[in-house]
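Only one structure is covered here, and it is reproduced in the block below.
The values are calculated or read from the model by the stated rules, or taken from the named source; none is laboratory data. This is a predicted model, so every value here is computed, not measured. Positions of Cβ are generated from backbone atoms using ideal geometry, with glycine treated the same way; all protein chains shown enter the neighbour counts. Heads up: the accessible areas ignore ligands, DNA and RNA and are worked out on the full protein's heavy atoms, side chains in. Shrake-Rupley method; radii C 1.70, N 1.55, O 1.52, S 1.80 Å.
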Amino acid sequence: TVNDDLFVSGDLQTTSHITASGNISGSSDTDLNYGGATIHGVNTFAPADTTPNVSNGTVFKTNNGGSISNVTISTFDGGTAGQIIHVIIADSKTRMSNNTNLILAGASSAVFALNDVISFICLDGTVWLEKSRSDNT
């Protein structure tokens, strides 16, 4: 067991995983990557995906334009307990349904306007609780 800190001046690259039992952090002017995605990036859901995967980030936007009919999101796949996500509504065809895995605040379903943002927190890896919603029309 080594009890000393390791300091690297420059980039650290590995061909395998780095495992940490404590926190991993970066400076305020750098991006922190998790699961291959930059946390500060905006990820786009696949068109017509009713259970989009959110394991690769925290900020997402919908992508249901063109000839796609209305798309109702029923849950998010790939979640981790405690994860917070923000979904930017980038189209007029995305809906969300209040059900066992997606718990909306006081609504049985939600219809959004362009540029609305809805945020969720993952309870246990599968259940998503609405944290907040903003009307940015």
- line: Exactly one of GLY66, GLY82, GLY10 is loosely packed, with under 12 Cβ neighbours inside 10 Å, more than 19 Å from the chain's Cα centre (by Cα), modelled with pLDDT of 85 or more and at positive phi, and that one is GLY66
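Of all residues in the range 45-58, which are at pLDDT 95 or above and at negative phi?
So in the range 45-58, the residues at pLDDT 95 or above come out as 45-54.
PHE45, ALA46, PRO47, ASP49, THR50, THR51, PRO52, ASN53, VAL54, listed by residue number.
How many of the residues making up the range 43-63 are among the β-branched types (Val, Ile, Thr) and either open to solvent by less than 20 Å² (accessible area, probe 1.4 Å) or within 9 Å of the chain's Cα centre (by Cα) (or both)?
In the first step, residues of the range 43-63 are kept if they are among the β-branched types (Val, Ile, Thr); the result is 44, 50-51, 54, 58-59, 62.
Checking which are either open to solvent by less than 20 Å² (accessible area, probe 1.4 Å) or within 9 Å of the chain's Cα centre (by Cα) (or both) leaves us with 54, 58-59, 62.
Residues that pass the stated criteria total 4.
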message: Take THR100 and tell me if it is within 19 Å of GLY41 (Cα to Cα), surrounded by fewer than 17 Cβ atoms within 10 Å (Cβ to Cβ) and either of a type in the set (Ser, Thr, Tyr) or touching a helix residue (DSSP H, G or I) at 6+ places or on another chain (Cβ under 7 Å) (or both).
response: no
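Would you confirm whether or not the range 105-120 contains a residue that is open to solvent by less than 20 Å² (accessible area, probe 1.4 Å), within 15 Å of the chain's Cα centre (by Cα), under 14 Å from ASN53 (Cα atoms) and not charged (D, E, K, R)?
For the range 105-120, residues open to solvent by less than 20 Å² (accessible area, probe 1.4 Å), within 15 Å of the chain's Cα centre (by Cα), under 14 Å from ASN53 (Cα atoms) and not charged (D, E, K, R): present.
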query: What are the residue pairs meeting all of these: first residue in the range 111-130, first residue closer than 15 Å to PHE76 by Cβ, second residue basic (Lys, Arg), Cβ atoms under 7 Å, and 6 or more apart or on different chains?
result: ILE118/ARG133; SER119/LYS131; PHE120/LYS131; ILE121/LYS131
message: Being among the acidic types (Asp, Glu) and part of a loop (DSSP other than H, G, I, E, B) is the filter here; which residues of the range 125-135 pass it?
response: ASP135
